[in-house]
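What follows is a set of notes on a single structure, which appears directly below.
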Amino acid sequence: MQSVQAQQFCLFFWAVAIVNLSCCAFKPLETDADIISCQISQIHLAVGQDPATQMTVSFAVPYSCPIHNNVTAMITYWEADSDGSSSNTVQVKYADESDIKQYNHTSCVYEDMTYISPYFHHVRLDDLKPDTEYVYRCTLHYKTVVYGDVHFMAEEFSSWQEDATSITRLLGVPLGSRIAESDELFFETAPIPGDGTKSLKFALIADYGQTEASLSTRDLLLDEDVDMILIAGDLAYANTVNELWDEWFELNEELFSKVPTMPAPGNHEVETDNVTSQIFVPYENRFGSPQIKDAEIGYGDESTGSHPSSFIGVYDYGNAFYTFSSGLGSFIVLNCYTSSDVGGNQYTFLVETLEGIDRDVTPWVFVMLHCPFYNTFFAHQNETQTVLMKENFEEIFVKYNVNIVFSGHTHAYFRSKPVAFDEVFECGDAPLYIGIGDGGQRGGEIENFLKRTAEDWVECRDGSNWSFGTLEVFNSTTAEWTRRLSGVNEWEDYNVGDTWERVIIENNYLFC
């Protein structure tokens with residue numbers, strides 16, 4: 001019997017010379033009829049707490065694929081050359097059991113429909129180089145393979161894979177052990193926090209959905225050169241019909257697989273399970289945001305339903321609220337639909353996060369949540385969770401000089417003047433509030449204003465079109481906010497893709 005080293009050399013020679021040596025053929029340890037179902041889909045990215053060195057790659061694998069038996073997943077990745085080619089050393093990250101989530105969920109829309117989710121893999125890549133483009137690929141392969149009459153783990157080949165870079169790229173994984181793999185995809189890490197040598201540009205959308213306007217938003221974003229996308233709640237509008245989540249990720253895979261996408265939970269993510277009454281389960285399982293610790297999830301009741309507009313439950317940590325810093329900005333994502341009580345989990349998280357930010361390193365601080373503290377539209381006025389959150393958090397935003405608070409919920413657009421405690425601050429030493437909830441979903445043609453004449457704190461507002469925004473941070477003092485239209489009503493004198501406004505925003509923390 002050949003030694004394992006000799007067998008490895010035989011395989012190596014086969015791959016280089018492309019010679020069919022039957023003595024070196026791999027075959028699976030066992031044949032499984034479900035292997036044919038092992039496909040990779042719904043690929044999306046999320047930054048880690050340090051976006052300069054961490055990226056989480058997420059993807060779905062069908063439940064029928066024997067992930068916990070003899071199939072494993074991994075990410076191969078390597079630095080892209082300056083010309084976009086790929087000749088650098090391959091690195092490999094295998095999915096641990098802790099990286100895999102799966103859930104069952106009973107719809108409260110179709111009460112006899114129990115959905116069995118795919119396996120969602122959230123594989124975090126660490127120790128990446130800042131401000132660097134990487135090529136990556138998602139792969140499924142057998143955990144155990146047969147080589148001649150020797151059984152061994154496929155992971156044992158990682159060391160020679162890293163040396164035989166060209167062969168690894170050609171084959172993806174050891175010869176014969178591959179089951180499925182994605183195309184070669186790309187992502188780019190962020191500059192280190194505090195690095196202002198190049199601008200940071202991110203997109204903002206909310207209340208996204210799967211409408212014609214949603215797809216227009218997606219297509220325009222594909223042409224935008226942004227470092228990340230922030231979605232301020234109400235993502236897929238699945239409303240406990242979980243297949244709509246799958247469709248939403250598929251519709252957005254081209255975009256989400258190249259641009260990290262960071263969500264906040266909205267009311268359409270509540271999705272009470274009709275049997276267990278647990279809330280936020282699909283949202284928590286499908287995303288891989290930088291978590292402080294594992295999620296703490298509570299329960300609704302018979303009245304909660306799939307998307308209660310006014311609601312306070314229990315959903316802390318996990319993908320509910322989290323933080324990260326990138327370039328000259330620190331970002332805080334909050335959850336409107338859990339407690340905001342003084343001394344509670346989210347309140348403590350917010351205060352500790354803001355106290356820990358060094359404004360000499362990240363002079364800009366941005367907050368994203370679903371519910372607007374300030375609302376010039378008729379819909380969603382004075383909802384319980386928003387009123388309480390504003391009472392408890394607004395003072396903190398002012399004390400720690402938060403620059404901009406982004407929200408959704410109302411399917412329209414507004415931008416405020418610097419405002420706090422319902423008064424305009426002329427110097428600007430109060431946050432700006434931007435509502436960008438017209439990313440695609442709207443029940444009617446327009447979102448009605450609360451008053452014919454805008455409130456004093458309103459800088460501009462629009463309830464007739466659909467849009468997304470981008471914020472480009474140039475340096476510690478100056479950023480540029482742009483709103484682009486992804487859908488227009490026929491009476492409007494605009495076209496899809498038009499810039500509705502472009503304004504310079506100064507860092508109020510430094511000037512007031």
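The values are calculated or read from the model by the stated rules, or taken from the named source; none is laboratory data. Everything numeric in this text was worked out from a predicted model, so none of it was measured. Ideal geometry is used to build each Cβ from the backbone, glycine not excepted, and the neighbour counts take in all protein chains shown. Heads up: the accessible areas ignore ligands, DNA and RNA and are worked out on the full protein's heavy atoms, side chains in. Shrake-Rupley method; radii C 1.70, N 1.55, O 1.52, S 1.80 Å.
Values computed for the structure shown
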{"read-out": "Cα extents of region 240-338 along the three principal axes, largest first (Å)", "value": "45, 27, 23"}
{"read-out": "Percent breakdown of C-alpha pair distances by 10 Å bin, ordered from the shortest bin, for region 168-325", "value": "9, 33, 31, 20, 6, 1"}
{"read-out": "Average Cα contact separation per residue, region 320-453, under 8 Å, 6 or more apart, as relative contact order %", "value": "23 percent"}
{"read-out": "Sulfur and carbon atoms: percent of accessible area, region 238-316 [1.4 Å]", "value": "47 percent"}
{"read-out": "Heavy-atom accessible area ranking, 1.4 Å probe, most first, across Cys427, Cys38, Cys108", "value": "Cys427, Cys108, Cys38"}
{"read-out": "Area accessible to solvent at Leu251, 1.4 Å probe radius, in Å²", "value": "70 Å²"}
{"read-out": "Residue order for Lys101, Lys451 - accessible surface, 1.4 angstrom probe, largest first", "value": "Lys451, Lys101"}
{"read-out": "For region 178-267: rounded, prolate or oblate by the Cα gyration tensor [a/c cutoff 1.5]", "value": "oblate"}
{"read-out": "Surface accessible to a 1.4 Å probe, Asp225 within the full protein complex, Å²", "value": "130 Å²"}
{"read-out": "Anisotropy class of region 363-512 from Cα gyration tensor, a/c 1.5 cut", "value": "oblate"}
{"read-out": "Binned Cα-Cα distance frequencies in region 313-354 - 5 Å width, integer %", "value": "5, 25, 32, 20, 11, 5, 1"}
{"read-out": "Area accessible to solvent at Val402, 1.4 Å probe radius, in Å²", "value": "0 Å²"}
{"read-out": "Accessible-area order (highest first, 1.4 angstrom probe) of the listed residues Glu181, Glu455", "value": "Glu181, Glu455"}
{"read-out": "Debye-sum result for region 281-400 in log10 I(q)/I(0), which assumes one identical scatterer on each alpha carbon, at q = 0.12 Å⁻¹", "value": "-0.46"}
{"read-out": "Separation in nanometres of the label points that stand 7 Å from Cα toward Cβ, at Thr89 and Trp491", "value": "6.5 nm"}
{"read-out": "Probe 1.4 Å, protein heavy atoms only - accessible area per residue of region 209-300 in square angstrom", "value": "31 Å²"}
{"read-out": "Contact order relative to length of region 394-512, as percent, for alpha carbon pairs under 8 angstrom and 6 or more apart", "value": "24 percent"}
